[in-house]
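The structure under discussion appears below in the form of structure tokens.
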Amino acid sequence: MILQKPIQKTTLTSFVKQTRMLSVLRKARLKDKEIRILMLGLDNAGKTTIVKQIMNEDVTTVRDVGGQKTLRSYWRNYFEKTDALIWVVDATDRLRINDCREELAGLLLEERLMGASLLIFLNKTDVEGCMAVSDIHEGLQLDMIKTHEWTVFPCSAITGKNLIGGLEWVVRSARDRLFLY
């Protein structure tokens, strides 16, 4: 006799979420073309946790230093053929909003990123006292961005809130701009 473990609600929810995410990412392929998406942000913004959440991996053990100031010069190695830039902002880090704005402004001047769609993931919005979208709008001076189509999605890398919606926007924006025929 074979005993099967019943499917738990959280497992089923994770499966549905992962299936939907794969569907969104498949839409990024159109007629053998791919959309290249680059995710950047300051250290501790939540980039790795977002990726782990999307891939349905354990997000409780994340340790990453990819956005440290000493490593930002290496970002340029990944700019080539980027169709969409995801800029991750830590909604709890009010002290570094100016650094965040300066880094983003510098990226948007890069020739190889010109025209790329820009998604700003305002991460950690599940934390009490975090910055609101209006704070980020003002802090990053988003009204000054005229060279890129952009939007802000408040999200939580830990809970997965709004990650799929943000990626759907990225795919739709880049696809509409790149594959107009």
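Observations
- Pairs meeting the criteria (first residue in the range 39-60 and without any contact (Cβ under 8 Å) to a residue 60 or more places away in the chain, second residue outside any helix (DSSP H, G or I) and polar (S, T, N, Q), beta carbons under 6 Å, at least 6 apart or on different chains) are Asp43/Gln68.
- Pairs where the first residue, in the range 117-140, is over 30 Å from Lys81 (Cβ atoms) and among the hydroxyl-bearing types (Ser, Thr, Tyr) and the second is modelled with pLDDT of 95 or more and in a helix (DSSP H, G or I), C-beta under 9 Å, 6+ apart: Thr125/Val133
- Taken over the range 84-110, the criterion of being surrounded by fewer than 19 Cβ atoms within 10 Å (Cβ to Cβ), hydrophobic (A, V, I, L, M, F, W, C) and outside any helix (DSSP H, G or I) is satisfied by Leu109 alone.
Results for (1) surrounded by fewer than 15 Cβ atoms within 10 Å (Cβ to Cβ); (2) out of contact with any His (no Cβ under 6 Å at 6 or more places or on another chain); (3) at pLDDT 95 or above, shown as yes or no for each residue.
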site	(1), (2), (3)
Ser117	no, yes, yes
Asn123	no, yes, yes
Gln141	yes, yes, yes
Arg172	yes, yes, no
Tyr181	yes, yes, no
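- As a summary of the residue check, Thr70 satisfies the conditions (1) assigned to a helix (DSSP H, G or I); (2) at pLDDT 95 or above except for the one numbered (2).
- Here Ser156 meets each of (1) assigned to a loop (DSSP other than H, G, I, E, B); (2) farther than 19 Å from Ala84 by Cα; (3) over 11 Å from the mean Cα position of the chain (by Cα) with one exception, condition (3).
- Meets criteria (at positive phi and either among the basic types (Lys, Arg) or surrounded by fewer than 21 Cβ atoms within 10 Å (Cβ to Cβ) (or both)) for Lys81: yes
- When the range 131-153 is filtered for residues that are farther than 26 Å from Leu178 by Cα and part of a loop (DSSP other than H, G, I, E, B), the ones remaining, listed by number, are Met131, Ala132, Leu140, Gln141.
The values are calculated or read from the model by the stated rules, or taken from the named source; none is laboratory data. None of these values were measured; they are calculated from a predicted model. When we count neighbours, we look across all protein chains shown, and the Cβ atoms used for this are built from the backbone with ideal geometry, even at glycine.
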